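Student: A single structure is presented below for examination.
The values are calculated or read from the model by the stated rules, or taken from the named source; none is laboratory data. Since we're looking at a predicted model, the values are computed, not measured. Positions of Cβ are generated from backbone atoms using ideal geometry, with glycine treated the same way; all protein chains shown enter the neighbour counts.
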Amino acid sequence: MGLKRDVSLKDFLRYKGKGPMLTFILHRIGGLGMVTFVGLHVLASFVGGRVGPAINLIYENWIFQIVVFFCVLFHVINGLRIVILDLWPKLIEHQREAIWLEWMIFLPVYGMAVYVIVNTALGG
């Protein structure tokens, strides 16, 4: 017998999962972003001709690079947090602090990377 979940869209939008739910969603988005990036690479290599270089223009765009770097970096740091909490289960009670630490590591590294990408893209 399947699970029955009576969650309306209204209830879903009111959910206040905060940090753990946000990291859960961003981890999934990061994975999809990486799959998109790799898929574009494979597609550009497979198609070739005139279409391949057109696809290359998509992932060589600095805005796309910023988004992909967000996906990769967040996925890596969040995955590392998950691995640490899995290896030491007693730390799960400090999950919210681990999420704050994750953001304290992520934001400066991502900020520096965005600065370099934008500075390079604008010819600086």
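Student: Kindly establish whether Phe69 is of a type outside the set (A, V, I, L, M) and touching a Leu at 6+ places or on another chain (Cβ under 9 Å).
Tutor: Spelling it out, it is not the case that Phe69 is of a type outside the set (A, V, I, L, M) and touching a Leu at 6+ places or on another chain (Cβ under 9 Å).
Student: Cβ-Cβ under 6 Å, sequence separation 6+ or interchain: first residue in the stretch 23-51 and farther than 23 Å from Trp100 by Cβ, partner assigned to a helix (DSSP H, G or I) and not hydrophobic (A, V, I, L, M, F, W, C). Which pairs?
Tutor: Here the result reads Leu40/Tyr59; Ala44/Gly52; Ala44/Asn56, each pair linking the stretch 23-51 to a residue that is assigned to a helix (DSSP H, G or I) and not hydrophobic (A, V, I, L, M, F, W, C).
Student: If you don't mind, another one. List pairs: first residue in the stretch 89-108 and in contact (Cβ under 8 Å) with a residue 40 or more places away in the chain, second residue surrounded by fewer than 15 Cβ atoms within 10 Å (Cβ to Cβ) and of a type in the set (A, V, I, L, M) anywhere in the structure, Cβ distance under 9 angstrom, at least six positions apart or on different chains.
Tutor: Partner pairs satisfying both residue conditions: Ile99/Leu22; Glu102/Leu80.
Student: Looking only at the stretch 96-124, how many residues end up being of a type in the set (A, V, I, L, M), surrounded by 11 or more Cβ atoms within 10 Å (Cβ to Cβ) and closer than 16 Å to Phe69 by Cβ?
Tutor: Of the residues in the stretch 96-124, 8 are of a type in the set (A, V, I, L, M), surrounded by 11 or more Cβ atoms within 10 Å (Cβ to Cβ) and closer than 16 Å to Phe69 by Cβ.
Student: Taking Leu107 as meeting all but one of (1) out of contact with any helix residue (DSSP H, G or I) (no Cβ under 6 Å at 6 or more places or on another chain); (2) at pLDDT below 95, write down the number of the exception.
Tutor: Among (1) out of contact with any helix residue (DSSP H, G or I) (no Cβ under 6 Å at 6 or more places or on another chain); (2) at pLDDT below 95, the lone unmet condition for Leu107 is (2).
Student: Could you say which residue among Leu40, Leu87, Leu9 is at pLDDT below 90 and farther than 26 Å from Val118 by Cα?
Tutor: That would be Leu9, the only listed residue that is at pLDDT below 90 and farther than 26 Å from Val118 by Cα.
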